[in-house]
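Below you'll find the structure, written out as structure tokens, and then a few comments.
What follows draws every value from the coordinates through simple rules; no lab data is involved. Please read these numbers as outputs of a predicted model, since none were measured by experiment. Here Cβ is always computed from backbone atoms with ideal geometry, including for glycine, and neighbour counts include all displayed protein chains.
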Amino acid sequence: MTRINVIAPIDGIAVDLTTVPDEVFAQKMAGDGVAIEPTGSVAVAPISGELVKLFPGGHAFGITTAGDVELIVHIGLDTIELHGTGFENIATEGQHVDVGTPIVRFQRSTIEGQGKIVISPVVSSGGGTVIEHATGPVKAGKDVLFVIEV
Amino acid sequence: MSERTVILASTSGLHARPAAVFVQKAKGFQSQISLSKNDKTVNGKSILSIISLGALQGDEVTIKASGADEENALSDLTTLLEQDLG
């Protein structure tokens, strides 16, 4: 068994995924993980790997590792409908990222001004089991958000 | 192996939420399932692989299933993609 640390991608407060007001995330259909109530404005890579998906509108991205681990970071809920308003991509889809590599800059006030909730689920959608979940304040690129055992 | 081609109905394409709904349904079948758009084929039981297709509303996507329950899988998954999953 290997333990893989998933580092917080955004400064903020870690909250239980089941409290997210979106059933797909709350019921863990997209995978287990932790949501972040952001205080920061840049999302960084929570794990080292390949940035296999970065939506053109910046609202979500996904990273795979050499193993079978897949992570999805979804900034806000239903934010695909903003078509990039409030988001600015920093990284490029397909590139290698390390923990802490900046990926997307976002502006909370703009997103909320468009009527969207900015709470951001971070989920493990691939192999392994999430065994530890952080709660409370987390620092992007530094604090462990959850642990995957593979 | 059987396959079916559908026109994607979801307003915002196959992004994270619809992909999660699709994978949850797909994982209920024993069959191996893949999803293709143009020349790219991905594992139909991986959310991240599916969203990496970048399929948008109105795109043709092909579902392939291989296994004992392939016909049921294709029927259910086709129905799913023909709905607006948001």
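Of note:
- FRET efficiency, residue B:40 to residue A:5 (Cβ-Cβ, R0 30 Å, nearest 0.05): 0.45
- Helix axis angle, B:70-81 relative to chain B longest principal axis, alpha carbon, degrees: 10 degrees
- Over chain B, relative contact order from alpha-carbon pairs under 8 Å, at least 6 apart, %: 48 percent
- The distance between label points at residue A:88 and residue B:1 comes to 4.6 nm (points 7 Å beyond Cα on the Cα→Cβ vector).
- When chain B is treated as a Gaussian network with alpha carbon springs shorter than 10 Å, the biggest mean-square fluctuation among B:74, B:56, B:35 belongs to B:56.
- For chain A, the mean residue ellipticity at 222 nm estimated from helices alone is -1500 deg cm²/dmol, where every DSSP H run of n ≥ 4 contributes -39500 (n - 2.57) and the total is divided by all residues, rounded to the nearest 500.
- q = 0.14, 0.15, 0.17, 0.18 Å⁻¹: log10 I(q)/I(0) that the Debye formula gives for chain A, counting C-alpha atoms only: -0.57, -0.66, -0.86, -0.98
- Rg(Cα)/(2.2 N^0.38 Å) for chain B, N = residue count: 0.93
- Choice from A:40, A:49, A:76 showing the highest fluctuation, given a GNM over chain A with Cα pairs closer than 10 Å: A:40
- Estimated dipole of chain A in Debye, rounded to 20 [Cβ of Lys and Arg +1, of Asp and Glu -1, Cα centre]: 280 debye
- Of the cross-linked pairs A:139/B:37; A:139/B:40; A:28/A:139; A:53/B:25, those separated by over 28 Å at the C-alpha level are A:139/B:37; A:139/B:40.
- Here residue B:64 is the anchor, and the aspartates and glutamates within straight C-alpha reach of less than 14 Å, apart from those fewer than 8 places off in the same chain, are B:3, B:39, B:76.
- Length-normalised contact order for the range A:3-149 - Cα pairs under 8 Å, 6+ apart - percent: 36 percent
- At R0 = 35 Å, FRET efficiency that the Cβ-Cβ distance of residue A:39 and residue B:82 yields, to 0.05: 0.25
- Restricting chain B to GluC sites (Glu not before Pro) in coil, as DSSP defines it, with at most 15 other Cβ within 10 Å: B:82
- Ranked A:144, A:123, criterion: other C-beta atoms within 10 Å, fewest first: A:144, A:123
- Model label sites at residue B:57 and residue A:143, defined 7 Å from Cα along the beta-carbon direction, differ in position by 3.9 nm.
- Between the Cα long axis of helix B:16-26 and the first principal axis of chain B there is an angle of about 10°, rounded to the nearest 10.
- Fewest neighbouring Cβ atoms within 10 Å first, the residues B:1, A:1 line up as A:1, B:1.
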